[in-house]
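Report on one structure; see the data block that follows.
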Amino acid sequence: MQPQDQGPTSTFTLEEMEALLLLALSILTGAGCQDWGVTLPVDPLAGWSSSCVTIPCSYTYPEGQLVRAVTWSRNKERIVRLTAAAGQGYGKAERAQFLGDLQHNCTLRLNPLALGDGGAYSFEFQTQSQSWRSPRALCLTVSEHPCRVNYGMARTGGALSGSLFCSISERCSSSGLHWYDGAGARILTETAAGQRESWLSMRIVWQHRGAALECRVRGYQNRCLPKGSQPPATGWTPHLKVLVDTDGPGPIREGDSFTLRCVEDSRSLDEFYFWIHNYEDLPGGPSVQIKGATLSHGGNYTCMKWVSGTGRGYLAISPTTYVAILAPPVVHVVATPGPHRSTGEPLSLMCRLDTSAYGGVGFSWYKDGERLGWAQPELAFLGVQVADGGEYQCEVYNTLGKSTSLPLTITVVYGSDWYQLSPGPMAGFGAGVLLLFLLSNLGVYCLARRTRQRKEPGGSLQEGSREDPSKPQRDSLYEEIPCAGEIPCPSDDNGDYYNSTKDYCN
Ligand SMILES: *[C@@H]1O[C@H](CO)[C@@H](O)[C@H](O)[C@H]1NC(C)=O
Ligand SMILES: *[C@@H]1O[C@H](CO)[C@@H](O)[C@H](O)[C@H]1NC(C)=O
């Protein structure tokens, strides 16, 4: 029966009154009670992180009481509890271990200590009739271990230049720090070791992708751990990797969002992350979120994780993961041998993509905006005609979407050797020359016909031309001009039209 349960109107027996008085006295005078008591060491107690601390403790209670449960709390939060019925139960800190018993020993051990373990520790026990809390709490401070291995970086340019270094405080008694690779072998190249720090070039770090590098304090031994449970010196490799989470299935396309995660089999309290994207530093923690991806977000990602520890620290380096961002391909039409042709010449139009990332694409062709019934990447003409001239576009498509090229203008003119010699930028000049040429030939033709008609009335044109030795060139030219009969020649002339610089035929 607990005294607190008594109502104010109850009558007490003498024994109950005694218990009540004793309780009141113990509350007023703290640990002044002889029978109910907890003995704690003088505080404050101090410890280093990663070390271990044992808090000696004993408790007393009046004879005849039976202890049912004991509890240790830090800052009023229960961290460990032992009951007669259920044994030891761990609460918040699994590193807290109750070494005492349900009689008089309430020794507590904390192993290893973490920085967050500092605080006010109090002990409380319950008997069949009463609950007792130590009136005084024990203060524990935890400070960083002088042999904690921290990291630093010295960069001169990109992510892979410069060095990484590990360091310890001056209060750590050590003969130096050394770097070891994933197989436990000491790294001797591109490293500079001092008493308090040890440097390693980023080039060496990069060579160890997929493995881990360890920095160890020489001569450091963790005395907290029971014998035989020192971490193995060799053959231990944390496997770090980059995982890519996407919103949906399939490839990442431009504008999508994705998340990169740096994951390892085990987690540590004290870890720092670095990311390298295409040889550049990328800020981020255990994960990096990319929203609205562009092509520049594609490429190689590597993550690194530094874990500080006491006496040792390590850097785990992931293998490189390639992230492809799909963008609609850039498509264009390529004309071979060129876009400006003469009638009868062959012409090939090819639909080209700037990437090979798109598999299984289909092709469509458009001329002057109208779709052609052709689905091959090449559109070929054995001999182009004037009517084949126009604006050509090609389109590629697959399940991801489609891309259409800009129009390519194909011009086809009537055949001429002149013209073929001057494609491209010379086209305008060539066309002018051609027009002049045609017109002058027409003039020659008209003159020739007129002359022939005068000289050989009734005679055949061809015979006449061959028989005339003075004009072989003009006759051969006129035979090639296809405009004969279409353009009327001057019906009346006195021979002076040939000298006119303005009009030849009109
Ligand atoms: C309490 O238990 C611990 C651990 O078993 C032991 O080291 C310590 O001596 C005990 N304390 C007392 C007062 O018996
Ligand atoms: C990514 O890595 C591969 C293989 O190491 C390399 O061939 C490629 O050029 C890299 N890409 C970029 C953008 O750095």
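The values are calculated or read from the model by the stated rules, or taken from the named source; none is laboratory data. Source: prediction; values computed, not measured. Note that we place each Cβ from the backbone using ideal geometry, even for glycine, and neighbour counts take in every protein chain shown.
For A316, indicate whether it is surrounded by fewer than 19 Cβ atoms within 10 Å (Cβ to Cβ) and either among the charged types (D, E, K, R) or under 26 Å from the mean Cα position of the chain (by Cα) (or both).
Numbers: surrounded by fewer than 19 Cβ atoms within 10 Å (Cβ to Cβ): no; either among the charged types (D, E, K, R) or under 26 Å from the mean Cα position of the chain (by Cα) (or both): yes.
Here the answer is no, as A316 does not meet what is asked.
Which numbered condition trips up A159, out of (1) out of contact with any Phe, Trp or Tyr (no Cβ under 9 Å at 6 or more places or on another chain); (2) under 21 Å from E271 (Cβ atoms)?
Here A159 clears every test but (1).
Among (1) under 30 Å from S174 (Cα atoms); (2) exposed (fewer than 14 other Cβ atoms within 10 Å of the Cβ), which single condition is N150 missing?
Among (1) under 30 Å from S174 (Cα atoms); (2) exposed (fewer than 14 other Cβ atoms within 10 Å of the Cβ), the lone unmet condition for N150 is (2).
Filter region 277-301 down to residues that are surrounded by 16 or more Cβ atoms within 10 Å (Cβ to Cβ) and within 8 Å of the chain's Cα centre (by Cα) and give me whichever is nearest to ligand 1 (Cβ to nearest atom).
V288
Any idea how many residues of region 298-343 are within 16 Å of ligand 2 (Cβ to nearest atom) and in a loop (DSSP other than H, G, I, E, B)?
6
Looking at region 124-139, is at least one residue touching a Leu at 6+ places or on another chain (Cβ under 9 Å), of a type in the set (S, T, Y) and within 16 Å of ligand 1 (Cβ to nearest atom)?
Looking through region 124-139, at least one residue is touching a Leu at 6+ places or on another chain (Cβ under 9 Å), of a type in the set (S, T, Y) and within 16 Å of ligand 1 (Cβ to nearest atom).
Does region 110-118 contain any residue that is under 36 Å from the mean Cα position of the chain (by Cα) and in the same structural domain as A316 (by TED's automatic domain parsing)?
No; the residues of region 110-118 include none that is under 36 Å from the mean Cα position of the chain (by Cα) and in the same structural domain as A316 (by TED's automatic domain parsing).
Does region 51-75 hold any residues that are of a type in the set (A, V, I, L, M, F, W, C) and either more than 13 Å from ligand 1 (Cβ to nearest atom) or part of a strand (DSSP E or B) (or both), and which are they?
Initial filter on region 51-75 (of a type in the set (A, V, I, L, M, F, W, C)): 52-53, 55, 57, 66-67, 69-70, 72.
Within region 51-75, C52, V53, I55, L66, V67, A69, V70, W72 meet the criteria.
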